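Accompanying notes for the structure given below.
We did not get these values from a lab; they are worked out from the coordinates using the rules stated. Because the structure is a prediction, the values reported are computed rather than measured. Glycine also receives a Cβ, built like all others from the backbone with ideal geometry; neighbour counts cover every protein chain displayed.
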Amino acid sequence: MTETHEFTLIVAGADVQTDEALNALAEVGCDDATVGSSGGVQHLDFDREASSYLAAVLSAIEDVEAAVPGVRTVRVLPDEYVTLAEIAQRTGRTRESARLLSIGERGPGGFPPPAARGAERNKLWRLPEVAAWFASALGEPAHLAPPPAQRAANALLDLRASTTELGRAELSRVRQELGSLIRRIRLIEMASPASLDAKDARWSYADSA
Amino acid sequence: MPTPPELNQQFSSPAERAAAQAELQRLGEFLREIITAASGTAPVPGWLAAELRKPLRGHREPPGQWLARYHNVFSDELQAIDDTLSGGSENRLDDDSLRAARYLARRLLATLLDCPPSEVSQRLPATPS
């Protein structure tokens, strides 16, 4: 099952706004992105369908860098505008709980007004305003942290960028640490109940017989 | 649940962590005996032979075939536990890895013993062969 994931890629290097680059981006499937620049910083705002946020982000990075030689992704940002569903997700609430907060029927009131009004389900709020309200009204700064998948994506980009700047000894150390990290990830993947349930089903004599 | 239960909880004390490490070590030794028995490099230990003689969910299967099938299905997981325990003291497990490995070891043995993971420790002999 796929969902649409909204995110922004900040890119550097080659110009992604030339006709040639825009055509190449469209050809590799980046017609789900709006390309622009602000203050000299180039960005691509994506609405990408994928099975997960991380799958959406990583496929977008791969597409952009394949389409435009010399461009590199330096950062993944959340969209500045968020829906009630995203607010609910970021704050660990149900959508109904977030909706009640937004209309003042729960909590101390004073929730920021939507920054853009569409149909009821398509209202958008500015993330910084919402984050500030949760911090001041409810004392909940935790939701300011980006989602784990976004942190993982940015960590991968940071690591990739740093490898061209590290010396040989440092690279060797990074490689060792990555080896440990990969083993740790593999262990956690294997130990997930869903993964083990699938293996048990394979093992089950009743299923295999 | 995408990750092992209680994965993100911290151990409440060094003693609790040490107990988890000891349990993993013990369960890992039993799993290593399964690996060596399945590969034919060592005889099947008594406790495992007894398990292999039991019908599994009402079905009887030749013990050798039973063991080979188990080893085949869970070879990656068994190897992961073996690798984890082979790391030695210089490769100290972080808390998340320890919890994941212990949960994995419990589940692997629970499948073999056909019992809930919580009963694995009681079902096994005090020490491996």
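Build a GNM of chain A with springs between Cα atoms under 10 Å apart, and of A:93, A:160, A:175 the one that fluctuates most is A:175.
Report the net charge of residues surrounding residue A:65, where surrounding means a beta-carbon distance below 13 angstrom and charges are Lys +1, Arg +1, Asp -1, Glu -1. Walk me through the numbers before you get to the answer.
Numbers: positive: A:72, A:160; negative: A:62, A:63.
That sum, taken over residues with Cβ under 13 Å, equals 0.
Computed from the Cβ-Cβ distance with R0 of 45 Å, the FRET efficiency linking residue A:198 to residue A:140 stands at 0.80.
The label point for residue B:95 and the one for residue B:10, both projected 7 Å from the Cα toward the Cβ, are 0.5 nm apart.
A cut-off of 5 Å between modelled amide H atoms, ignoring neighbours fewer than 5 places along the same chain, links residue A:14 with A:71, A:72. In terms of surrounding Cβ atoms within a 10 Å radius of their Cβ, A:186, A:90 rank from fewest to most as A:186, A:90.
Does segment A:148-208 come out rounded, prolate or oblate by the C-alpha gyration tensor, with a ≥ b ≥ c the root eigenvalues, rounded set by a/c under 1.5 and, if not, prolate when a/b is larger than b/c and oblate if not?
On the way: a/c = 5.10, a/b = 2.63, b/c = 1.94.
It is prolate, given that a/c is not under 1.5 and a/b is the larger ratio.
Would chain A count as rounded, prolate or oblate if I go by the C-alpha gyration tensor, calling it rounded below 1.5 in a/c and otherwise prolate when a/b exceeds b/c, oblate otherwise? It would help to have the intermediate numbers written out before the result.
On the way: a/c = 1.63, a/b = 1.11, b/c = 1.47.
Note, shape of chain A comes out oblate.
Between A:183, A:48, A:72, the GNM of chain A built on Cα springs shorter than 10 angstrom shows A:183 fluctuating the most. Other protein chain C-beta atoms within 10 Å of residue C-beta, averaged over B:101-114: 3. Positive end of the dipole of the protein assembly as shown (Cβ unit charges, origin at the Cα centre): among A:192, A:60, A:12, the Cα lying farthest that way belongs to A:192.
Between residue A:156 and residue A:45, what is the spin-label point distance in nm, taking each point 7 Å from the Cα along the Cα→C-beta axis? About 2.4 nm separates the two model spin labels. Each of B:84, A:91, B:127 has some number of other Cβ atoms within 10 Å of its Cβ, and from fewest to most they run B:127, A:91, B:84. Backbone amide hydrogens, once placed in the peptide plane, bring residue B:56 within less than 5 Å of B:61, excluding anything fewer than 5 places away on its chain. Under 5 Å between amide hydrogens, built in the peptide plane, is the criterion, and for residue A:81 it picks out A:127 among residues at least 5 positions away or on other chains. Remark: segment A:23-32, residue by residue, has Karplus-estimated 3J(HN,Hα) of 5, 5, 5, 5, 5, 8, x, 8, 6, 9 Hz, where x stands for each Gly or Pro and the curve is 6.51 cos²θ - 1.76 cosθ + 1.60 at θ = phi - 60°.
What average count of beta carbons from other chains do you get within 10 Å of the Cβ of residues in B:67-79?
Numbers: counts 0, 0, 4, 1, 0, 2, 7, 6, 0, 3, 6, 0, 1.
Rounded to a whole number, the mean comes out at 2.
Highest mean packing first, where packing is the average number of other Cβ atoms within 10 Å per residue, the peptides B:93-103, A:35-45, A:95-105 line up as B:93-103, A:95-105, A:35-45. Taking other C-beta atoms within 10 angstrom as a stand-in for reagent exposure, A:30, B:115 fall in the order B:115, A:30, fewest first. Here residue B:114 and residue A:19 are evaluated by their C-beta separation; at R0 = 56 Å the FRET efficiency comes out at 0.30. Using C-alpha pairs under 8 Å with a sequence gap of at least 6, the mean separation divided by the residue count of chain A gives a relative contact order of 17 percent.
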